[in-house]
Each structure stands twice: as C-alpha cells, then as structure tokens.
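Structure first, then comments.
The values are calculated or read from the model by the stated rules, or taken from the named source; none is laboratory data. All of these numbers come straight from a predicted model, not from anything done at the bench. Positions of Cβ are backbone-derived with ideal geometry, glycine not excepted, and every protein chain shown enters the neighbour counts.
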Amino acid sequence: MEFKLIIDPSQPEKVTAAVHARSELTDRIEALVLRYSGADRLTVYAQDEVRQLPFSQIECLTVIDGKTWAIDGTGTKYRVKLRLYELEAVVPACFIRINRSTLANEKRLERFVASFSGAVDAVFRCGWREYVSRRCFAQIKRRFST
C-alpha cells in the first residue's frame, strides 16, 4: 500500500483513494472525509467572552435545561449556540453519542462505572459524570470490541 499527502494551499482540497475493493476501512475513510468540515474548533460563549475551543479540549457536548453546553478539560461549561444534531454533523469521528442529550469525546473518557441498579455512567478526565443509555452502551461496546 502506498500513501501520498500533498499540502498545497493554492489547490482545492480533494481526497482520492485507489483500492482493489470496498472494505470496512474504505467505508471508515469515506465517512471521516465526508464528516470533516475543515474546522478543528468550536465557537463557545462564557459570560462576556467568545472563544474558539479546540475539539481536542472538549470532554463532552451536552444539553442541560434545553441549552447546549461544551465541557472542557477543567470542567468549565461553555454555551454553544448550535443544537446537538447540528454539532453531531461537524464534530470529529472521536465524538460518540452516549445518551439522547450528550456527545462524548472518546479520547477524553476515563472510564465507565456501573451501579448495582444496572445503570452505567461515563466518567471524564475532568471528573464530569454523564449517564450512558443502554442502547448507546451496546453500540459503544461494539465499537470498542473491533
């Protein structure tokens, strides 16, 4: 297999892959390329300021009281003006849905904690805990087992 990367700001961005047959890898590459919007930051709001928060620093994106929030590595909450379904279309592939109202950065997940009642919580590096739905947990287990 051969890999070639040409960086030329004067040319339009284009991804071309020559393969013998479609596979899981080609499907994942295609999904990654199509999801990439060219942005690696998210515009967030805190008190009187507007910031550009890199996706790599975001622990999770969650809806609290009908408003969307981005939680960073220090546990600070920033208001996001986009809806969760809009964010799902622009975030990198490392963001996974863990319940109806939360997208988690799998690179920032520290562990999953199960309780006696069968509920599972996702614990992030900053200490933030978020409930994981059973349906999403089954998908997460499948994702991590491959």
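List the number of the failed condition for Trp128; all other conditions in (1) within 14 Å of the chain's Cα centre (by Cα); (2) surrounded by 12 or more Cβ atoms within 10 Å (Cβ to Cβ); (3) in contact (Cβ under 8 Å) with a residue 60 or more places away in the chain hold.
It fails just one condition, (1).
Leu84 is checked against (1) over 21 Å from Gln139 (Cα atoms); (2) touching a strand residue (DSSP E or B) at 6+ places or on another chain (Cβ under 8 Å); (3) without any contact (Cβ under 8 Å) to a residue 24 or more places away in the chain and fails just one. What number does that condition carry?
It fails just one condition, (1).
List pairs: first residue in region 87-98 and in contact (Cβ under 8 Å) with a residue 12 or more places away in the chain, second residue crowded, with 17+ Cβ neighbours inside 10 Å and in a helix (DSSP H, G or I) anywhere in the structure, Cβ distance under 6 angstrom, at least six positions apart or on different chains.
Short answer, once both residue conditions are applied: Pro92/Phe55; Arg97/Cys136; Ile98/Cys136.
Which of (1) in contact with a strand residue (DSSP E or B) (Cβ under 8 Å, 6 or more places away or on another chain); (2) basic (Lys, Arg); (3) at pLDDT 90 or above; (4) surrounded by fewer than 18 Cβ atoms within 10 Å (Cβ to Cβ) does Arg108 not meet, given it meets every other one?
For Arg108, the exception is condition (4).
Any chance you could count how many residues in region 51-80 are of a type in the set (Val, Ile, Thr) and either more than 24 Å from Arg125 (Cα to Cα) or under 13 Å from the mean Cα position of the chain (by Cα) (or both)?
At the first step, the residues of region 51-80 found to be of a type in the set (Val, Ile, Thr) are 58, 62-64, 68, 71, 74, 76, 80.
Those left that are additionally either more than 24 Å from Arg125 (Cα to Cα) or under 13 Å from the mean Cα position of the chain (by Cα) (or both): 58, 62, 71.
Summing the residues that are of a type in the set (Val, Ile, Thr) and either more than 24 Å from Arg125 (Cα to Cα) or under 13 Å from the mean Cα position of the chain (by Cα) (or both) in region 51-80 gives 3.
If you scan region 83-115, which residues turn out to be more than 26 Å from Ile29 (Cα to Cα) and of a type in the set (A, V, I, L, M)?
Val113, Ala114
Cβ contacts < 8 Å: first residue under 15 Å from Val33 (Cβ atoms) and of a type in the set (Gly, Ala, Ser), restricted to region 1-23; second residue modelled with pLDDT of 80 or more and not in a loop (DSSP other than H, G, I, E, B), any location; separation 6+ or different chain. Result?
Ala17/Thr26; Ala17/Ile29
Within region 63-81, which residues are out of contact with any Lys or Arg (no Cβ under 9 Å at 6 or more places or on another chain) and touching a residue at least 40 places away in the same chain (Cβ under 8 Å)? Step through it out loud before you land on a result.
Pass one, region 63-81, residues out of contact with any Lys or Arg (no Cβ under 9 Å at 6 or more places or on another chain): 65-66, 72, 74-77, 81.
The answer is Asp72, Thr74, Gly75.
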